[in-house]
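Peer 1: Okay, here's the structure, questions in a sec.
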Amino acid sequence: MPIKLATTVAGLRTEGARLLGSGQGRSQGLVPTMGALHGGHAALARAAVEQNDVVVATIFVNPLQFGDAVDLDRYPRTLDADLALLEEQGVDLVFAPSVEEVYPGGEPLVRITSGRLGEKWEGASRPGHFDGALTVVAKLLHYGLPAAGLPAGAAAPGSLPAYRAYFGQKDAQQLALVRRMVADLNFPVEIVGVPTVRAVDGLALSSRNRFLSEEEREAALVLSRALRLLEERAVAREPLDLDSARALVESQPLVALDYFDVVDPETLEPLAENCRETPFSGDALALIAARVGPVRLIDNAPLSS
């Protein structure tokens, strides 16, 4: 069946209700994106299609996430190509609203706050970014509620469609924050993390990669090499020796390191004791961010002994 496109909340709910039918024994997946889709987004869509009867993807470039108007204007808009990619994965419905549809009164006076969890790492480098991201994710999760478009009484109590939302593990801090928001504010949705998709050379897929020159892309590979070094040490239960991994990144002259640390996967607090002389044990998350030429890149790797 050809993919459907909705540009209003009313249209999303009407078409979503039609796809779900009575809601009996059905499930719905939501894949929030900002467009400029690539293989990483395709993996999110495929996971959603495999696990749900109906899948809705959203395409919305959220101005609240951008501290720089130039960066917002520069963000690529590729709707036709995005629709083709999503249709290829089996997505049923795409919600691609305007800014006015999502924020009809202008910038919202009340926003979700990311709290202490959002003040570090990416939050420290991009103040306000996660407040904007969580605000729009909260709205999109509400828009996509499977029961929102169903007629009253269409589904018996306790038989509402299962509801899942899919986020990439590449944006590890965002994924942790969304999970925390859903748990703390009792959203009726299961958050599913999908592993990072990488190019053959190891670079994590990102819409920003298109802005790298050939030389800069080659230089950017040091990020994944440094993460892989920590992964190998973790598996071997060796000291992670984070200082030497940082030195590897800093040896690349085209790369300006922002942060590189090993943290608790849930609290995102640094795990300094696992980084130097003691053998690594347990589970952790390595986070890295750097500017390569004009492009800021982030990456991460789950560590497990």
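The values are calculated or read from the model by the stated rules, or taken from the named source; none is laboratory data. Everything numeric in this text was worked out from a predicted model, so none of it was measured. Cβ sites come from the backbone with ideal geometry, for glycine too, and all protein chains shown count toward neighbours. Just the protein is used for accessible areas: all its heavy atoms, side chains included, with ligands, DNA and RNA removed. Shrake-Rupley method; radii C 1.70, N 1.55, O 1.52, S 1.80 Å.
Peer 1: What are the residues in the stretch 262-288 that are within 26 Å of the chain's Cα centre (by Cα), crowded, with 20+ Cβ neighbours inside 10 Å and in contact (Cβ under 8 Å) with a residue 24 or more places away in the chain, if any?
Peer 2: Correct list: V262, V263, L268, A284, L285, A286, L287, I288.
Peer 1: Show the residue pairs that are 6+ apart or on different chains and have beta-carbon atoms under 7 Å apart, the first residue being within the stretch 236-250 and in contact (Cβ under 8 Å) with a residue 40 or more places away in the chain, the second being surrounded by fewer than 17 Cβ atoms within 10 Å (Cβ to Cβ) and of a type in the set (K, R).
Peer 2: Listed by first residue and then by second, the contacts come to P239/R276.
Peer 1: Let me ask something else about it. Please go through the stretch 80-97 and give me each residue that is in a loop (DSSP other than H, G, I, E, B), touching a residue at least 60 places away in the same chain (Cβ under 8 Å) and either farther than 19 Å from H142 by Cβ or open to solvent by 30 Å² or more (accessible area, probe 1.4 Å) (or both), ordered by number.
Peer 2: V91, D92
Peer 1: Moving on. Looking only at the stretch 55-74, count every residue that is within 24 Å of R13 (Cβ to Cβ), modelled with pLDDT under 95 and not in a loop (DSSP other than H, G, I, E, B) and tell me the total.
Peer 2: Of the residues in that region, 2 qualify.
Peer 1: Here is a follow-up. Please tell me if D184 is loosely packed, with under 15 Cβ neighbours inside 10 Å and at negative phi.
Peer 2: So D184 passes the test.
Let's see how each residue does on (1) open to solvent by 30 Å² or more (accessible area, probe 1.4 Å); (2) at pLDDT 90 or above; (3) more than 24 Å from L109 (Cα to Cα); (4) of a type in the set (S, T, Y):
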{"residue": "S125", "(1), (2), (3), (4)": "yes, no, no, yes"}
{"residue": "A133", "(1), (2), (3), (4)": "no, yes, no, no"}
{"residue": "V137", "(1), (2), (3), (4)": "no, yes, no, no"}
{"residue": "L140", "(1), (2), (3), (4)": "no, yes, no, no"}
{"residue": "L145", "(1), (2), (3), (4)": "yes, no, no, no"}
{"residue": "A152", "(1), (2), (3), (4)": "yes, no, yes, no"}
{"residue": "G158", "(1), (2), (3), (4)": "yes, no, yes, no"}
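Peer 1: Taking the conditions exactly as written (buried (at least 21 other Cβ atoms within 10 Å of the Cβ) and not hydrophobic (A, V, I, L, M, F, W, C)), does D258 satisfy them or not?
Peer 2: It is false that D258 is buried (at least 21 other Cβ atoms within 10 Å of the Cβ) and not hydrophobic (A, V, I, L, M, F, W, C).
Peer 1: Which residues, taken from the stretch 187-226, are in a loop (DSSP other than H, G, I, E, B) and open to solvent by 80 Å² or more (accessible area, probe 1.4 Å)? Outline the logic, then answer.
Peer 2: Applying the first criterion (in a loop (DSSP other than H, G, I, E, B)) to the stretch 187-226 yields 187-189, 195-197, 199-203, 205-206, 212-213.
Across the stretch 187-226, the qualifying residues are P188, P195, V200.
Peer 1: Scan the stretch 50-73 for residues that are in contact (Cβ under 8 Å) with a residue 12 or more places away in the chain and open to solvent by 50 Å² or more (accessible area, probe 1.4 Å) and jot them down.
Peer 2: Q51, D53, G67
Peer 1: Which residues, taken from the stretch 289-305, are outside any strand (DSSP E or B) and open to solvent by 50 Å² or more (accessible area, probe 1.4 Å)?
Peer 2: Across the stretch 289-305, the qualifying residue is only P294.
Peer 1: Output the residue which, of all residues in the stretch 6-38 that are open to solvent by less than 30 Å² (accessible area, probe 1.4 Å) and farther than 23 Å from L85 by Cα, is modelled with the lowest pLDDT.
Peer 2: Checking each candidate, the answer is G23.
Peer 1: Which is basic (K, R), in a helix (DSSP H, G or I) and either closer than 17 Å to M1 by Cα or at pLDDT below 95 (or both), of R46, R77, R111?
Peer 2: R46
Peer 1: Oh, and also: If Y259 satisfies all but one of (1) more than 14 Å from D299 (Cα to Cα); (2) within 24 Å of the chain's Cα centre (by Cα), what's the number of the condition it fails?
Peer 2: Among (1) more than 14 Å from D299 (Cα to Cα); (2) within 24 Å of the chain's Cα centre (by Cα), Y259 violates only (1).
Peer 1: Here is a follow-up. Based on what the data block shows, is E100 in contact with a helix residue (DSSP H, G or I) (Cβ under 9 Å, 6 or more places away or on another chain) and open to solvent by 20 Å² or more (accessible area, probe 1.4 Å)?
Peer 2: no
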